[in-house]
1. Quick check on the stretch 63-73. Is at least one of its residues closer than 30 Å to Leu136 by Cβ, assigned by TED's automatic domain parsing to the domain that holds Glu169, assigned to a helix (DSSP H, G or I) and of a type in the set (Ser, Thr, Tyr)?
2. Residues of the stretch 167-210 being modelled with pLDDT of 90 or more, polar (S, T, N, Q) and in a helix (DSSP H, G or I), which ones?
3. Counting only residues that are among the aliphatic types (A, V, I, L, M) and surrounded by fewer than 13 Cβ atoms within 10 Å (Cβ to Cβ), which one in the stretch 41-67 is nearest to Gly190 (Cα to Cα)?
4. Every residue in the stretch 38-62 that is part of a helix (DSSP H, G or I) and of a type outside the set (Phe, Trp, Tyr), please.
5. Could you look through the stretch 175-188, keep only residues that are crowded, with 17+ Cβ neighbours inside 10 Å and touching a helix residue (DSSP H, G or I) at 6+ places or on another chain (Cβ under 9 Å), and pick out the one that is farthest from Leu68 (Cα to Cα)?
6. Quick check on Val58: is it at pLDDT 90 or above and in contact with a strand residue (DSSP E or B) (Cβ under 8 Å, 6 or more places away or on another chain)?
7. Test Gln77 against the stated conditions and say whether it is surrounded by 13 or more Cβ atoms within 10 Å (Cβ to Cβ) and without any contact (Cβ under 8 Å) to a residue 40 or more places away in the chain.
Amino acid sequence: MPIDPLKIAIKGSTQEHLPIEDVKDGIVMMKDGSCSVVLSVSSVNFDLLSEQEQSALVFAYGGILNSLNFPIQIIIQSHAKDVSSYLKNLENMQEKQVNPQLKERIKQYRKFIEETVKKNDVLSKSFYIAISFSVLELGIKSGGVKGAMMFLPKNKKQELPFTKEYILEKAKANLEPKRDHLIRLFSRLGLEIKPLTNKELIDLFYRTYNEETAINQKIQNVNYQAPVVAGEQLK
């Protein structure tokens, strides 16, 4: 029976072209064996602080960066905020309000929000810190992996240099002390900082690579141990 090449192409997934191999125990494992942990960090309304508070915060933040003996990556992610549910709640509150003055105030406020959204995009910003574990820290000589990868055929799947269990064990021993150290440092600034769970990591990467569809889709809380987000996990 002849094979239709179009059907084979349809079975392909874009996830096969992503550098992520697996997400396990709060650690992102890449296809080359390197790993990372990602921490979410709360924000501070800098403009509302006094000059003394601003100076103290900048000084403390600079001290944290200068005290680190390992590299970190700071990620800022912006995405459009959907305020339709908020406007709907305001409308419901307006209808239930019996006080005429409060009812009028809610109406004016709802109108103000609607006009603001029409004129400007409402953006939500999220802040993350990533700590990486290099594949060279697995004990592989420099060029041992990268040099071998140069001779791999383009269509050949890249294989991990060691088993997932061994890489995860080494990555945990390297990343967990750095993670805990960052949590202690940033907590001194009054910021809420916490490592992302498997569910949160998968959700983050899904929204990053599927920005348009992620707004209308929600990942169900099922099988977050699997690295691949299947179609039935979305609704």
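The values are calculated or read from the model by the stated rules, or taken from the named source; none is laboratory data. It should be emphasised that the depicted structure is a prediction, and the values quoted were computed from it without experimental measurement. Reconstructed Cβ throughout: ideal geometry from the backbone, glycine too, with neighbour counts over all protein chains shown.
1. yes
2. Asn174, Asn198
3. First, pick out the residues of the stretch 41-67 that are among the aliphatic types (A, V, I, L, M): 41, 44, 48-49, 56-58, 60, 64-65.
If we keep only those that are surrounded by fewer than 13 Cβ atoms within 10 Å (Cβ to Cβ) as well, we get 48, 58, 65.
Working: Leu48: 15, Val58: 13, Leu65: 16 Å.
Only one residue tops the list, namely Val58.
4. Asp47, Leu48, Glu51, Gln52, Glu53, Gln54, Ser55, Ala56, Leu57, Val58, Ala60, Gly62 - these are the residues of the stretch 38-62 that are part of a helix (DSSP H, G or I) and of a type outside the set (Phe, Trp, Tyr).
5. Ranking the candidates gives Phe186 first.
6. Judged against the criteria, Val58 is not a match.
7. For Gln77, the condition - surrounded by 13 or more Cβ atoms within 10 Å (Cβ to Cβ) and without any contact (Cβ under 8 Å) to a residue 40 or more places away in the chain - is not met.
Conditions (1) touching a residue at least 60 places away in the same chain (Cβ under 8 Å); (2) over 35 Å from the mean Cα position of the chain (by Cα); (3) assigned by TED's automatic domain parsing to the domain that holds Arg179, marked per residue:
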site	(1), (2), (3)
Met93	no, no, no
Val98	no, yes, no
Tyr109	no, no, no
Val135	yes, no, yes
